[in-house]
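One structure coming up, written as structure tokens, with questions to follow.
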Amino acid sequence: MNGTMKKIWNIATWVIVAAVVILALMLVGARVIGMQVFTVLSGSMEPEYHTGSIIYVTPIEDPTTIEVKQVITFMLDENTVATHRVIEVIGEGEELRFRTKGDANNTEDGTPVHYKNIIGTPVFTIPYLGYVANFIQNPPGTYIAVAVGVMLLLLVFLPDLMAKSKDDDEDDDEDLDEDDEELEAVKNSVAELEKTAAVAAPKRRRARRDIKRD
């Protein structure tokens, strides 16, 4: 991978990683500071909260501070969370309840909300992000999100692994070249010794003949 392509690869990878991190912070990070995140699944609060949005809900410490026209998020039943506007405050103390109605609904909710069922009040919303949140929180979206996460990790580390492998190959080639040079040097030394021995042998024979004549 040449320098330009590597730069483009790195930029694209980190842009995707940054987007995923931001999304994770939007969906999970809010819980760290005490907020809860919910997906708007109906149009009962249009146009303030659009279908497919996510809303960030902060707890209400004192239910007696809730006023008419305030929007609250509450448990409608054991399995359903709703976000509607308060239209009337009923009772006080342990009997404190709130009559609610969706802005886009023609009628009020059937049962007043007991103060113990109140989760909090929305503080802000992000349009359309709820579709993403709802998708990745349920199969097969969960499996796809995990697969994308694994692919992102590969995208981040693969170039470095490839570069390391290339460097290792180059180091191996350099080691082989050095070995070849050493072997060639040994061969040259042996050849020089053989030449020296070949030149010295006649001289030694002549020296032995001279000794015999004497």
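In segment 35-130, if the dipole is taken from +1 on Lys/Arg beta carbons and -1 on Asp/Glu beta carbons about the Cα centre, which of Asn117, Tyr49, Thr100 is farthest to the positive end?
Tyr49
Taking the inverse of the average 1/r across all pairs of different Cα atoms in segment 35-130, what Kirkwood radius in Å do you get? Each step should come with its number before you reach the end.
Working: mean 1/r = 0.0751 Å⁻¹.
So the Kirkwood estimate lands at 13.3 Å.
Still on this structure: Just order 133-142, 91-100, 114-123 by mean Cβ neighbour count inside 10 Å, highest at the front, would you? Display every interim value, and only then the final one.
Details: 133-142: 13.2, 91-100: 15.0, 114-123: 18.0.
For the peptides 133-142, 91-100, 114-123, the packing ranking is 114-123, 91-100, 133-142.
Throughout, read-outs are computed from the coordinates displayed, never taken from laboratory work. Worth saying up front: this structure is predicted, and the values here are computed from it rather than measured. Cβ: placed from backbone, ideal geometry, glycine included. Neighbour counts: every protein chain shown.
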